[in-house]
Structure formats: structure tokens, C-alpha cells
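K.L.:
The structure is given below, and queries will be raised subsequently.
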Amino acid sequence: MLNIDSIANGIVIDHIKVGYGFKIFNYLGLDKADYRVALIMNVPSKKYGKKDLIKIENVMDLDLTMLGFIDPNITIAIIEDEKIKEKIHLSLPKKIENVIECKNPRCVTSIERNIVHKFVLVDEEKGIYKCEYCDHNYDGWEG
């Protein structure tokens with residue numbers, strides 16, 4: 001039996017799509033953390049079958065737009081005194097800036113420097129975004 005203690009103060013990132021926990025762990029730089037962090041993979045889930053989970057015994061700023069882009073089903077629990085103070089349900093952001101880059105070699109963002117990469121959600125069900133400059137589609141985060 002695997003036993004992971006509860007945390008007194010910090011953040012729990014829950015309902016992460018299986019396999020994405022490690023990507024998010026690396027994206028957040030948790031491998032360099034000097035506080036307790038637990039990455040739990042393939043946890044049984046009634047809703048999804050299996051999920052990944054990250055427990056962070058520290059308060060830190062999270063880019064909710066990026067996390068929602070990576071996996072819109074994530075929930076974030078803010079823990080204080082071993083109790084859930086706040087629970088945040090993420091979704092795909094309607095617009096993202098400087099999170100992904102346009103792959104179209106003819107796009108102005110490929111030619112000009114210092115242009116903000118802007119994408120707009122065009123298909124929420126499939127998670128497809130399009131570049132605001134050239135309309136090139138982007139369909140999936142690879143991390």
C-alpha cells in the first residue's frame with residue numbers, strides 16, 4: 001500500500017490526464033524544489049479510470065492558463081491548515097499568448113522578432129487553436 005501524507009499548506013493539482021503529471025512536474029520546475037513534492041502517477045479515479053496527481057507543500061504562483069491549455073480537466077486545491085481553502089476547476093483558455101509558437105514558416109511571428117504569439121480557441125471539443133496572424137491551426141500540447 002502506497003501512503004502519501006496530507007499536506008498542511010500548499011497546492012494539490014488533481015485530475016491530471018495520465019502521463020501528463022511528469023510533463024507538468026517538469027514544466028513547473030518541481031525537480032529543483034527544496035520543499036516536499038509528490039508526483040503520483042496512475043492513481044485510480046472513479047471519473048477517469050486513472051489519473052496523475054501532484055502535491056506541493058508550498059504556496060507558489062501557477063500559470064492557470066498554461067495548465068488549462070495542457071489539460072483542461074485539472075482541478076487545483078489550495079490547502080491551508082490541512083483543509084481545502086479553495087478549489088479551482090480549469091478549462092481550455094479562450095485565448096493564449098506566448099504559450100505556443102506558430103509553426104507556419106510564412107507567419108509574421110516566424111519572420112519578425114518580439115511579436116507576441118497569439119492563438120484563439122476555435123474548437124473546444126478537439127482543443128484546436130488558430131494563430132491570430134495567419135490562421136494556422138495548432139492542435140495539441142507536446143510539452
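K.L.:
Report, to the nearest whole %, how much of the accessible area of the chain belongs to carbon and sulfur atoms, 1.4 Å probe, protein only. Provide the component values of the computation, followed by the final result.
P.N.:
Details: 4250 of 9140 Å².
Using a 1.4 Å probe with all protein chains present, the chain comes out at 46 percent carbon and sulfur.
K.L.:
Count the net charge of all other residues whose Cβ sits under 10 Å from the Cβ of Asn73, scoring Lys and Arg as +1 and Asp and Glu as -1. Spell out each step's value before the answer.
P.N.:
Details: positive: Lys17, Lys47, Lys51; negative: Asp14, Asp71.
Result for the local shell: +1.
K.L.:
For segment 65-71, in order, what is each residue's ³J(HN,Hα) by Karplus, 6.51 cos²θ - 1.76 cosθ + 1.60 with θ = phi - 60°, in whole Hz (x at glycine and Pro)?
P.N.:
For segment 65-71, the Karplus-derived couplings read 5, 5, 5, x, 5, 5, 8 Hz, x marking Gly and Pro.
K.L.:
Binning every alpha carbon pair distance of the chain at 10 Å from zero, what are the percents per bin?
P.N.:
11, 36, 31, 17, 5, 0
K.L.:
Shifting gears a bit: Would you grab the residues whose amide H sits under 5 Å from the one on Arg36? Only those 5+ places off in sequence or on another chain, please, with H modelled 1.01 Å from N.
P.N.:
Here Glu57 satisfy the definition.
K.L.:
A further question follows. Leaving out ligands, DNA and RNA but keeping every protein chain, what accessible area does His15 have, in Å² rounded to the nearest 10, with a 1.4 Å probe?
P.N.:
Looks like 40 Å² after rounding.
K.L.:
Stretch Ile4-Ile78 to full length: gain in nm at 0.36 nm per residue minus the Cα-Cα span?
P.N.:
Details: separation 74, 0.36 × 74 = 26.64 nm, distance 1.72 nm.
Stretched out fully, the Ile4 to Ile78 stretch lengthens by 24.9 nm.
K.L.:
So if each residue of separation counts as 0.36 nm, and I subtract the Cα-Cα distance between Leu64 and Asn26, what length gain in nm does that give? Don't skip to the end; give the middle numbers.
P.N.:
Values: separation 38, 0.36 × 38 = 13.68 nm, distance 1.56 nm.
Between Leu64 and Asn26, full extension yields 12.1 nm more.
K.L.:
Using the Cβ atoms and a cut-off under 15 Å, what net charge is assigned to the surroundings of Lys51, where Lys and Arg are +1 and Asp and Glu are -1?
P.N.:
Computed value for this residue: +3.
K.L.:
What residues qualify as long-range amide H neighbours of Lys51, i.e. H under 5 Å apart, gap of 5 or more or another chain, H built at 1.01 Å from N?
P.N.:
For Lys51, the qualifying residues are Asn42, Val43, Ser45.
K.L.:
Among the lysines, select those whose C-alpha is under 18 Å from the C-alpha of Lys51, and discard any that sit fewer than 8 residues away in the same chain.
P.N.:
Partners found: Lys17, Lys23, Lys87.
K.L.:
Determine the per residue accessible area of the chain with all protein chains present and a 1.4 angstrom probe, expressed in square angstrom.
P.N.:
On a per-residue basis, the chain sits at 64 Å².
K.L.:
Cys134: accessible area at probe 1.4 Å, nearest 10 Å²?
P.N.:
Using a 1.4 Å probe on the heavy atoms, I get roughly 40 Å².
The values are calculated or read from the model by the stated rules, or taken from the named source; none is laboratory data. Source: prediction; values computed, not measured. Note: ideal-geometry Cβ built from the backbone for every residue, glycine included; neighbour counts use all protein chains shown. Ligands, DNA and RNA are excluded from the accessible area calculation, which covers all protein heavy atoms including side chains. Shrake-Rupley method; radii C 1.70, N 1.55, O 1.52, S 1.80 Å.
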